[in-house]
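J.: Please read through the structure below; I'll follow up with questions.
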Amino acid sequence: MDVPPFSKENVSLVKPRFYDSVSRNKKGCLFLGDNSVWWMRMSTRKVEIMVGLFVTLAIAAMIVLAFKVADISATGSGETYELKAKFDNIGGLKHRSAVKVGGVVIGRVSSIILDPEDYLPVVTLTLELKYSNFSETSSVSILTSGLLGEQYIGFSPGFIDETVDILQAGDYIEDTKSALVLEELIGQFLFSVGNDG
Amino acid sequence: MILNMLQSIGAGVFDRIGGVGRASIMLFGALFGIPSIRKGFPLFVRQIYVVGVQSLTIIMVSGLFIGMVLALQGYTVLVDYGAEDSLGPMVGLSLLRELGPVVTGLLFAGRAGSALTAEIGLMKSTEQLSSMEMMAIDPLRRVIAPRFWAGLFCMPLLAIIFSTIGILGGHLVGVEWLGIDGGNFWSIMQSKVDLVDDVFNGVIKSIVFAIVVTWISLYKGYNAVPTADGISKATTDTVVQASLAILGLDFVLTVFMFSS
Amino acid sequence: MPEPIPQYSVEIEQLSFSRGDRPIYTDINMRFPKGKVTAIMGPSGIGKTTLLRLIGGQIKPDSGSIVFRGHNIPTLGRKKLYQVRQDMSMLFQSGALFTDMSVFDNVAFAIREHTKLPEDIIRTMVLLKLEAVGLRGARDLMPHELSGGMARRAALARAIALDPKLIMYDEPFAGQDPISMGVIVRLIKQLNDSLGLTSIVVSHDVPEVMSIADFVYIIADQRVIGKGTPQELLDHESPLVQQFMQGLPDGPVPFHFKAEDYHCELLGGVK
Ligand SMILES: Nc1ncnc2c1ncn2[C@@H]1O[C@H](COP(=O)(O)OP(=O)(O)OP(=O)(O)O)[C@@H](O)[C@H]1O
Ligand SMILES: [Mg+2]
């Protein structure tokens, strides 16, 4: 194979960053050895700039994760208060499931425990403080988004007049509707069909 | 015969224990041996460049492709159940909790860990570490410490960048290409991903992996047999042992973090 | 009449050291006078480099003491050892330049690490040392761009950078052309005379060593086989010493590493 003669033109094909290290070589002639150590000659300044860019990139990524992916602006950042509700059956409700009023998320489920006396699940809802004016007659039900989607708590605010109080932090919501469990529904349906026939 | 075998097993065990001891002493020297802020910081910055900035390309490219593949595969499964809107949380959670830290760790072991081992091993074999000792400069402080801290600093950052780019890659495939609704992609992801439970736990994983990978790399280099094949063996050992350690530790950490 | 007590920079007493089962030194005694050039000669593989490492505290002897300026090196703790090492310096047989730094930075390394001098003073100091070894023009080269002899000279400049009290040269002349050899010989002598430091020179180059050494040790067989001023050694009656000084292949000092009988081994161990 023919090796092209060494000349200025060939040299100009060399990558600029490598060329940089070549020109810093004070031997007077161009040095075209291995460039595996080109970064060792890189000035401290350039290294600092690259490291700065790297760290900035990482911070930008962290910001994307915090606001775009985990969205801390919508959850947990503002002030909150808690309400409780006792259900017969919570179905597939989970920690951090949404609490919605007319489709708008106003809070999340912050804990689910079993009442040790009557063995019914007690769900704690953490709601945003700006939605705090709900009356005692409000009701909550466990709903499913779509046929197989996730379960959430649908919150319907009750009427407000002089005869009813406003729910305070820590109060129980009395009016609750449990989750619909598909197997039970089918069972009931079959049972009623069987009775009819 | 059996006695011989027992003897060699015993010797092997003692060798291992001795190795762990030496590695711990080295780690100790590195942890508490920062020369001084004024002298140490430029070394630290240069090592961040070598360990972190130079790993950036491979991390970003892999992150992008892994996110895109996740979205593509996830879509084909989820679309059968009409649940393709859950693609966002699927891509996000698998990247943040597992793939981000683990794949970054594996790539880091291959890209930066092996380079660290080879570099330190060669410095040893060419008596550079010895001559530093003779100049009354502790190589643990001058050579090992800045590399250790740089590794520890860079890997979580790389993992964060990896996950973020992966999620953007998933968005690219899911929303731009397969036509999922963009609003749903983000909002469902937001409702599922928790900053502390998912993002921070992933970062903690990558910090643990960073300690293990950097530690193994530096120890293998510092303890390499100072010959060509000694160094090549040390480099292989680094990649194999660091990768296994990452996978094993990942299981343990996952059990602790996500199995409530 | 009582002789004035000689001042010794390094005193080695009853030193024994072995690599695995193979003894390198048994109960060896040596003294290196302050401000003088002492040469160590001996066959290859006899343990000269090992001796320098023992003095530097990089390896510990099995028994015996090595006293450097009042400190018994083998008993020192890590911190104290590093402190004591600031007064010594060693030119490694391989040069051992830091491959990730230019020649200039290599020489400046110890100065920057141990002092807080401003950069322009460091520059002057480094250029002085580089000028002394004839490498001032090569200051911006990386070690892999140097020839073997140039690398050795750069390492020499690095070894003398901080003007230590004791310098150990491990084969400083190897790989040098006659001109640079002459320069280095004179440099070692000059450093010694002008700064009053102590030099230990390990070398095989008999005429060069003889020209600068004040005192010579010849070691073989795990012990000192001859010592004295160069003149005394040239007139030494021991056949071992004479063989070494004249470079005869056959004689009491074996050229070969200890092995089985040559003919036996070639014939496949048939005795
Ligand atoms: N790391 C080591 N492990 C085991 N044995 C070693 C080691 N280093 C040196 N040796 C052995 O110690 C002996 C002395 O080695 P040393 O390097 O001191 O010789 P030397 O006198 O400097 O030889 P040369 O003149 O060739 O440099 C040699 O026989 C060598 O086999
Ligand atoms: Mg030697």
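J.: Hey, C:I40 hits all of (1) of a type in the set (A, V, I, L, M, F, W, C); (2) more than 16 Å from ligand 2 (Cβ to nearest atom); (3) more than 14 Å from every other protein chain (Cβ to nearest Cβ); (4) touching a Leu at 6+ places or on another chain (Cβ under 8 Å) but one; which does it fall short on?
T.: (2)
J.: Here's another thing I want to ask about it. Between residues in region B:192-203 that are farther than 13 Å from A:K68 by Cβ and more than 9 Å from chain A (Cβ to nearest Cβ) and residues that are of a type in the set (F, W, Y) and part of a helix (DSSP H, G or I), which pairs lie under 8 Å by C-beta distance while being six or more apart or on different chains?
T.: B:N201/B:F258
Conditions tested, residue by residue: (1) of a type in the set (S, T, N, Q); (2) in contact with a strand residue (DSSP E or B) (Cβ under 8 Å, 6 or more places away or on another chain); (3) more than 14 Å from chain B (Cβ to nearest Cβ); (4) outside any loop (DSSP other than H, G, I, E, B).
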{"residue": "A:G91", "(1), (2), (3), (4)": "no, yes, yes, no"}
{"residue": "A:V99", "(1), (2), (3), (4)": "no, yes, no, yes"}
{"residue": "A:P116", "(1), (2), (3), (4)": "no, no, yes, no"}
{"residue": "A:V140", "(1), (2), (3), (4)": "no, yes, yes, yes"}
{"residue": "A:F155", "(1), (2), (3), (4)": "no, yes, yes, yes"}
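J.: Turning to a different aspect of this structure: Could you say whether any residue in region B:144-156 is part of a helix (DSSP H, G or I), within 14 Å of chain A (Cβ to nearest Cβ) and of a type in the set (K, R)?
T.: No, there is no match, as no residue in region B:144-156 is part of a helix (DSSP H, G or I), within 14 Å of chain A (Cβ to nearest Cβ) and of a type in the set (K, R).
J.: So the check is Cβ under 7 Å with 6+ separation or different chains; which pairs have a first residue in region C:201-212 that's under 23 Å from C:M88 (Cα atoms) and a second one that's within 14 Å of ligand 2 (Cβ to nearest atom) and charged (D, E, K, R)?
T.: The qualifying pairs are C:V202/C:K48; C:V202/C:D170; C:V202/C:E171; C:S203/C:E171.
J.: Here's a follow-up. Got a sec? Which of A:F159, A:F67 is over 16 Å from the mean Cα position of the chain (by Cα), aromatic (F, W, Y), surrounded by fewer than 19 Cβ atoms within 10 Å (Cβ to Cβ) and more than 22 Å from A:L180 (Cβ to Cβ)?
T.: Details: A:F67 fails: over 16 Å from the mean Cα position of the chain (by Cα).
Checking each option against the conditions leaves just A:F159.
J.: Kindly establish whether B:F44 is within 30 Å of A:E150 (Cβ to Cβ) and touching a residue at least 24 places away in the same chain (Cβ under 8 Å). Lay out the reasoning, then the answer.
T.: Numbers: within 30 Å of A:E150 (Cβ to Cβ): no; touching a residue at least 24 places away in the same chain (Cβ under 8 Å): yes.
No: the conditions fail for B:F44.
J.: Looking at region C:119-138 only, could you name the residues that are under 20 Å from B:L43 (Cβ atoms) and of a type outside the set (D, E, K, R)? Quick ask: steps written out before the conclusion?
T.: Here is the first cut: in region C:119-138, the ones under 20 Å from B:L43 (Cβ atoms) are C:119, C:122, C:126.
Matches in region C:119-138: C:I122, C:V126.
J.: Continuing with the same structure: Go through C:R53, C:R19 for me and flag whichever is under 27 Å from C:G196 (Cα atoms), within 16 Å of ligand 2 (Cβ to nearest atom) and either touching a Gly at 6+ places or on another chain (Cβ under 9 Å) or of a type in the set (D, E, K, R) (or both). Explain how you work it out, then say what you get.
T.: Numbers: C:R19 fails: under 27 Å from C:G196 (Cα atoms).
The unique qualifying residue is C:R53.
J.: Is it true that C:A96 is small (G, A, S), more than 11 Å from chain B (Cβ to nearest Cβ) and touching a helix residue (DSSP H, G or I) at 6+ places or on another chain (Cβ under 6 Å)?
T.: On the way: small (G, A, S): yes; more than 11 Å from chain B (Cβ to nearest Cβ): no; touching a helix residue (DSSP H, G or I) at 6+ places or on another chain (Cβ under 6 Å): yes.
So C:A96 fails the test.
J.: Somewhere in region C:74-90, is a residue within 14 Å of another protein chain (Cβ to nearest Cβ), within 16 Å of ligand 2 (Cβ to nearest atom), within 20 Å of the chain's Cα centre (by Cα) and modelled with pLDDT of 90 or more? Break it down stepwise before answering.
T.: Filtering region C:74-90 down to residues within 14 Å of another protein chain (Cβ to nearest Cβ) leaves C:76-90.
Subset that is within 16 Å of ligand 2 (Cβ to nearest atom): C:90.
Add one more test, that the residue is within 20 Å of the chain's Cα centre (by Cα), and what stays is C:90.
Filter once more, keeping what is modelled with pLDDT of 90 or more: C:90.
Checked against the condition, which is being within 14 Å of another protein chain (Cβ to nearest Cβ), within 16 Å of ligand 2 (Cβ to nearest atom), within 20 Å of the chain's Cα centre (by Cα) and modelled with pLDDT of 90 or more, region C:74-90 yields at least one hit.
J.: Here's a follow-up. When residues of region C:40-72 are filtered for being part of a strand (DSSP E or B) and either within 13 Å of ligand 1 (Cβ to nearest atom) or over 27 Å from B:M132 (Cβ atoms) (or both), how many remain? I'd like the intermediate steps shown before the answer.
T.: Taking region C:40-72 first, the residues part of a strand (DSSP E or B) are C:40-41, C:63-68, C:71-72.
If we keep only those that are either within 13 Å of ligand 1 (Cβ to nearest atom) or over 27 Å from B:M132 (Cβ atoms) (or both) too, we end up with C:40-41, C:63.
The total comes to 3.
The values are calculated or read from the model by the stated rules, or taken from the named source; none is laboratory data. Quick caveat: nothing in here was measured; it's all calculated off a predicted structure. When we count neighbours, we look across all protein chains shown, and the Cβ atoms used for this are built from the backbone with ideal geometry, even at glycine.
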